[in-house]
1. Leaving ligands, DNA and RNA out of it, work out the accessible area of Y275 with a 1.4 Å probe and give it in Å² to the nearest 10.
2. Considering only protein heavy atoms and a 1.4 Å probe, what is the carbon-and-sulfur percentage of the accessible area of the stretch 369-435?
3. What shape does the stretch 91-132 take by its C-alpha gyration tensor, where a ≥ b ≥ c are the square roots of the eigenvalues and a/c under 1.5 counts as rounded, a/b above b/c as prolate, and the rest as oblate?
4. Once you sort the root eigenvalues of the Cα gyration tensor of the stretch 17-93 as a ≥ b ≥ c, which label holds: rounded (a/c under 1.5), prolate (a/b larger than b/c) or oblate (the other case)?
5. Work out how much length D430 to Y275 would gain on full extension: take 0.36 nm times their residue separation and subtract the Cα-Cα distance, in nm to one decimal.
6. What is the percent carbon and sulfur in the accessible area of the stretch 40-99, measuring with a 1.4 Å probe over the protein chains and ignoring ligands?
7. Using the basic label-point model (7 angstrom from Cα toward the beta carbon), what is the S304 to A423 distance in nanometres?
8. List the trypsin sites (Lys or Arg not before Pro) in the stretch 257-299 that DSSP assigns to loop (not H, G, I, E or B) and whose Cβ has at most 16 other Cβ atoms within 10 Å. Which are they?
Amino acid sequence: MTPNQARALDPAPALEVDPLLDDPATRIIVCCGAGGVGKTTTAAALGVRAAERGRKVVVLTIDPARRLAQSMGIDRLDNVPRRVDGIEGGGELHAMMLDMKRTFDEIVEAHADPERARAILGNPFYQSLSAGFAGTQEYMAMEKLGQLQARDEWDLIVVDTPPSRSALDFLDAPKRLGSFLDGTFIKLLMAPAKVGGRAGLKFLNVGMSMMTGTLGKLLGGQLLRDVQTFVAAMDTMFGGFRTRADATYRLLQAPGTAFLVVAAPERDALREAAYFVERLAAERMPLAGLVLNRVHESGAARLSAERALAAAEVLDGEHAENLDECRIVDQGDGKTGVRGGHDDSPSGATTSPEPPPASPTSDALVEVSPAVAQVTAGLLRLHAERMQVLARERRTRDRFAALHPEVAVAEVAALPGDVHDLAGLRAIGDRLATANASGDATAGGAGATGGTR
């Protein structure tokens, strides 16, 4: 047996959610993971539980879906934290959804004089940049987190990260911003503004005519002028962007921050989770553990898939006398009769005034009708499929545990329905807190159903 195989046999350490939520030193919890694994629902459930345990909490979601607002009984979420009614206990819960453009506008209004701010906000290139330029959402998430923390109004900030495949892109936002602002393209566009007026245009035309000619063809003359005007107006703000982004990055590395990686027990999702774990370690970000959603369970796990399929084949066969071979029997004290079949007794119960004594060495056979046999065979096959799913999930989890035995895990069972109200979030928080690493908990899962993000 290899060391990895040996480690896979040991249960992963349990992720204890309540101590994490109760610790006053925990100020920020970041839920990250691949899209569609339950990050938004997990973040909301954690927020509800923390608030009902006495903390003042704000949940910031980056997900454009509206499920969070609906589950909290709020008509809409926007860039302003809104208090959630119905929270039990001594705490408070507020929720908000990142408005990328509005956050950018707030930065401009806060760090530029009124005239310069109007010029920036009315610039066509700025309007395109703030509405959907690549990387803007991730950077604005960093900005909003920094704003919330600086206000020092909440005990705990729970962040739901963007629903992209590369859900840790926001960690790169300060670095990408710095590269963008220090790049040749920006320096080129800033050159005429720094020189000023016609002299600047002459400098640009003489020194870089080939470059600007190419840019003019690619961007169009008007767009190039819009970009130059935007860069000139934003010049004094660039340093502030870098400073705040770097400060937020350091905040994410601080001891008061905890990252929770959210995943489903599927190969691709756990491969992505492993990437998140490794990336967080490389960036020296504090990882609290893994929330494993949508874990399947069975109340009849003692019946293996193989035995269930064998029994189904017997029921479908022509030899009903072979039923005892697959143990489809009545294990009572000698009671026999038809289960689920026609019964002529007035009470509907199976009657046998003087039941024959049961054999001390064997169970009594149960006679079943063809219809009951067919239904039973179908149920046995469904059970076999469920057991095969359980086995596949266990192998996948064991591989992850072998690679990252140090990561604490909370396994959360799949729910039959979606979460649509505060009570559902409360129940998820309860069950998430009682989930354990061995998967024996009967709890339902945050984001366990299809469609949660």
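The values are calculated or read from the model by the stated rules, or taken from the named source; none is laboratory data. As the structure is a prediction and not an experimental result, all values here were calculated from the model. Cβ coordinates were reconstructed from backbone atoms using ideal geometry, including for glycine residues, and neighbour counts include every protein chain displayed. Just so you know, the surface numbers come from the protein's heavy atoms only, side chains and all, with ligands and any DNA or RNA stripped out. Shrake-Rupley method; radii C 1.70, N 1.55, O 1.52, S 1.80 Å.
1. That residue has around 100 Å² of solvent-accessible surface.
2. C and S fraction of accessible area: 60 percent.
3. Taking the square roots of the gyration eigenvalues as a ≥ b ≥ c, the stretch 91-132 is oblate.
4. Details: a/c = 1.91, a/b = 1.19, b/c = 1.60.
In terms of gyration-tensor shape, oblate.
5. Values: separation 155, 0.36 × 155 = 55.80 nm, distance 2.85 nm.
Computed gain between D430 and Y275 is 53.0 nm.
6. Heavy-atom surface of the stretch 40-99 belonging to carbon and sulfur, 1.4 Å probe: 40 percent.
7. Between S304 and A423, the label points sit 4.3 nm apart.
8. R284
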